[in-house]
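The values are calculated or read from the model by the stated rules, or taken from the named source; none is laboratory data. The structure displayed is predicted, hence computed values, not measured ones. Glycine also receives a Cβ, built like all others from the backbone with ideal geometry; neighbour counts cover every protein chain displayed. SASA here: full protein model, heavy atoms, side chains in, ligands and nucleic acids out. Shrake-Rupley method; radii C 1.70, N 1.55, O 1.52, S 1.80 Å.
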Amino acid sequence: MLKLTASWLGFPLLLALAACSEAPKTEKAKAPEIPPEPVTGRQAFQKMYPPARGWALDAVPLQLKSINLSQVKPEKGKTGAWQAIFVSPSRGKSKNFTYSVIEAEGNLHQGVFAGLEEDFAVGRGPAALFDIAAIKVDSDQAYDVAAKQSADYIKKNPDKIMSYVLERTNRFPDLAWRVIWGESVGSSDYSIYVDASTGKFLEKMH
């Protein structure tokens with residue numbers, strides 16, 4: 001009986017020694033970081049619109065345009081950042097908002113970032129204020145429409161950088177996407193207009 005008791009008393013000690021002798025557990029390998037994904041114009045706009053209404057209850061969009069980032073690989077109709085201009089008619093002010101998937105140069109911050117207020121007179125410039133309900137066609141859909149009209153150009157310029165502008169101008173009665181082959185309108189030799197409400201091809205610009 002005494003021997004049995006002694007053996008049981010020593011059992012916890014044996015467990016402790018066994019635990020100490022176990023090899024240290026290696027840390028689990030970290031999962032590879034997922035690269036940031038570009039977003040469509042409407043996805044970015046939906047992020048910026050609530051803060052714009054927080055700035056001014058009567059905030060109305062004037063323009064939405066893409067911003068290409070070297071750290072984010074663009075896709076058809078998608079880029080790493082977007083900028084929207086909103087106007088408050090009652091205050092006579094405009095304000096820029098940006099949405100970026102990462103922190104980047106050019107005062108771009110991850111998420112939504114508001115710029116400074118500027119004086120604005122409604123009717124100034126070629127672009128006009130537009131109703132958000134008119135954005136029924138997203139930038140990736142606008143690209144698909146433009147690409148169907150541009151097979152020869154794409155074949156000759158397969159790696160040309162793309163940019164996108166959404167606005168309502170005197171050229172067309174309704175809101176339109178301008179799908180641009182190039183960094184900007186000024187540096188481009190080719191672009192396509194697509195109706196933002198119907199997805200209809202409007203015009204080819206050379």
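When restricted to residues that are farther than 15 Å from Pro126 by Cβ and open to solvent by less than 20 Å² (accessible area, probe 1.4 Å), the stretch 152-184 contains 7. Please enumerate the residues belonging to the stretch 185-206 that are out of contact with any Asp or Glu (no Cβ under 7 Å at 6 or more places or on another chain), aliphatic (A, V, I, L, M) and open to solvent by 20 Å² or more (accessible area, probe 1.4 Å). Selection gives Val185, Met205. Of all residues in the stretch 35-50, none satisfies the criterion of being assigned to a loop (DSSP other than H, G, I, E, B) and among the aromatic types (Phe, Trp, Tyr). Taking the criterion of being in contact with a Ser or Thr (Cβ under 8 Å, 6 or more places away or on another chain) and hydrophobic (A, V, I, L, M, F, W, C), the residues of the stretch 170-206 that qualify are Leu175, Ala176, Trp177, Val179, Ile180, Trp181, Val185, Ile192, Met205. Of the residues making up the stretch 74-96, those that are closer than 24 Å to Trp181 by Cα and either open to solvent by less than 50 Å² (accessible area, probe 1.4 Å) or at pLDDT below 95 (or both) are Gly77, Thr79, Gly80, Ala81, Trp82, Gln83, Ala84, Ile85. When residues in the stretch 122-138 are screened for being under 14 Å from Tyr49 (Cβ atoms) and open to solvent by 70 Å² or more (accessible area, probe 1.4 Å), 1 of them pass. Against the list (1) at pLDDT 90 or above; (2) surrounded by 10 or more Cβ atoms within 10 Å (Cβ to Cβ), the condition Leu14 fails is (1). Do you know which of the residues in the stretch 97-121 that are out of contact with any Ser or Thr (no Cβ under 6 Å at 6 or more places or on another chain) and acidic (Asp, Glu) is most open to solvent (accessible area, probe 1.4 Å)? The qualifying residue most open to solvent (accessible area, probe 1.4 Å) is Glu105. What residue, among those in the stretch 118-138 that are among the acidic types (Asp, Glu) and not in a loop (DSSP other than H, G, I, E, B), is nearest to Ser66 (Cα to Cα)? Among residues in the stretch 118-138 that are among the acidic types (Asp, Glu) and not in a loop (DSSP other than H, G, I, E, B), the one nearest to Ser66 (Cα to Cα) is Glu118. On inspection, Gln141 fails the criterion of being open to solvent by 30 Å² or more (accessible area, probe 1.4 Å), in a loop (DSSP other than H, G, I, E, B) and more than 20 Å from Ala52 (Cβ to Cβ).
Do the conditions hold for Pro158, that is, is it under 25 Å from Val72 (Cα atoms) and modelled with pLDDT under 95? Considered against the rule, which asks whether it is under 25 Å from Val72 (Cα atoms) and modelled with pLDDT under 95, Pro158 comes out as yes.
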